[in-house]
Amino acid sequence: MDNIIKKGFTNVPDALVNDVRLTRDARFLYVYLAYKKQSEKFTNADIESGMNFTNETRIKYIKELVKYRWIKVIKKRDKYGRFIQNEIMLNTPL
């Protein structure tokens, strides 16, 4: 059967769907991050409101995705070494 979705969708690795180490919410957070990375810059507050997460919940699932190497969090700094923001890089660890 052909997939009838032609545009307006986000691709995610099949391995993400099958990674039993991840919780459901961590998987969906990855999908949400993949969607956001395609279209715009976003903040922690955007993730929290878009996923209906508290700050603590967002941190929990970000850590889970980092632990299993689905994402990498890069701390961006200015030319003086001061922290500016975190950048999230999506990976396919398998």
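Tabulated results
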quantity: Which numbered condition Ala34 fails, given (1) touching a Pro at 6+ places or on another chain (Cβ under 7 Å); (2) at pLDDT below 95; calculated: (1)
quantity: Among (1) under 11 Å from the mean Cα position of the chain (by Cα); (2) more than 17 Å from Gly8 (Cα to Cα); (3) of a type outside the set (Gly, Ala, Ser) - the single one Thr43 does not satisfy; calculated: (1)
quantity: Any hit, region 9-22, residues being under 15 Å from Met89 (Cα atoms), among the charged types (D, E, K, R) and at pLDDT 95 or above; calculated: no
quantity: Per-region count, region 61-83, residues on the phi < 0 side of the Ramachandran plot and under 12 Å from the mean Cα position of the chain (by Cα); calculated: 10
quantity: Conditions (1) at pLDDT 95 or above; (2) touching a strand residue (DSSP E or B) at 6+ places or on another chain (Cβ under 9 Å); (3) not polar (S, T, N, Q); number of the one not met by Lys72; calculated: (1)
quantity: Region 37-63, subset among the hydroxyl-bearing types (Ser, Thr, Tyr) and either out of contact with any Phe, Trp or Tyr (no Cβ under 9 Å at 6 or more places or on another chain) or more than 18 Å from Pro93 (Cα to Cα) (or both), residue modelled with the lowest pLDDT; calculated: Ser39
quantity: Yes/no for Lys79 being farther than 18 Å from Pro93 by Cα and surrounded by 15 or more Cβ atoms within 10 Å (Cβ to Cβ); calculated: no
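The values are calculated or read from the model by the stated rules, or taken from the named source; none is laboratory data. Treat the numbers as computed from the prediction; the structure is a model and nothing was measured. Backbone-built Cβ (ideal geometry, glycine too); neighbour counts: all protein chains shown.
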